[in-house]
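Heads up, the thing below is written out as structure tokens.
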Amino acid sequence: NKEIIYMKVGIVCIAKLEYYYIEEFVIYHLLLGFDTIYIYDNEDIPIYHKILKDYLKYIKIIHLPGNNYHKGVQYIALDHFIKNYMYKDGLTHICHIDCDEFIALKKHKQIKDFIREYIKDDCAGIGMNWRFFGSNGLQKYDKKPLLERFTKCGKEGNHHIKTLFDTSKFKSFLDCHSINTKNNNKVKNTKGKVIIGAFNKDIDLSVIQLNHYK
């Protein structure tokens, strides 16, 4: 097995009405070892540059207002990202998640250690199952971090996935959950089973999960 030496790992997301939570999302994933985060600011008047001014060395913010496009604004953002950043910026691994989704690693401290162990050989990417976190019975906003306020989650994971993938094995987005792959490479779960499409029913939360703060 050839050890992956160089890695540049990123997140692409679209942000709308995320002003209370986006800084925590950014800090959390930078601490997890992501090199860069691409945020498509979907507000009519751009605001995330101001909120995230301390992190502009690590993130890229692109203003993309409205939803009056020939397809969903999420897909407009993904097309723009592939064309302008994914290859030009030398990204080796990417995942598209939302700002209310936090990647939780169970066996590894850093995302690159997870990638080295799981995204190799004919594996193009890993499907991360959602785990839903609810309101914790809270009704009023307070300034404590989201991860402290919302601790109660579903016992089981949800069948939906988001995919963390190797850009060299990527052909196109199948939808916002999964990808089409090149050269017979496969999207898998952490048990090594192949996943086709947006769902993985054989849920394994022992290695990685995607906390979805609904």
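Below, the figures for the structure above:
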item	result
15 Å Cα-Cα reach of Lys83 towards aspartates and glutamates, excluding residues that sit fewer than 8 places from it in its own chain	none
Sequence of Ile61, Ile47 from largest to smallest accessible area, 1.4 Å probe	Ile47, Ile61
Accessible area in the full protein assembly, largest first, 1.4 Å probe, for Asp175, Asp54	Asp54, Asp175
Accessible area, probe 1.4 Å, largest first, for residues Phe170, Phe132	Phe132, Phe170
Simple Cβ-charge dipole of segment 1-111, Lys/Arg +1 and Asp/Glu -1, about Cα centre, in debye nearest 20	460
Per-residue SASA entry for Cys153, accessible area with 1.4 Å probe, Å² rounded to 10	60
Surface accessible to a 1.4 Å probe, Arg131 within the full protein complex, Å²	40
Antiparallel %, DSSP beta bridges [both residues in the chain], to 5	50
Probe 1.4 Å - accessible area at Leu146, Å² to nearest ten	10
Cα centroid separation, segment 137-214 to segment 52-92 (Å)	20
Carbon/sulfur fraction of accessible area - the chain, other protein chains in place, 1.4 Å, %	52
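The values are calculated or read from the model by the stated rules, or taken from the named source; none is laboratory data. Note that the coordinates shown come from a computational prediction; the quantities given were computed from them, not determined experimentally. Every residue, glycine among them, receives a Cβ derived from its backbone with ideal geometry; neighbour counts consider all protein chains shown. These area figures cover heavy atoms from the full protein model, side chains too; ligands, DNA and RNA do not enter into them. Shrake-Rupley method; radii C 1.70, N 1.55, O 1.52, S 1.80 Å.
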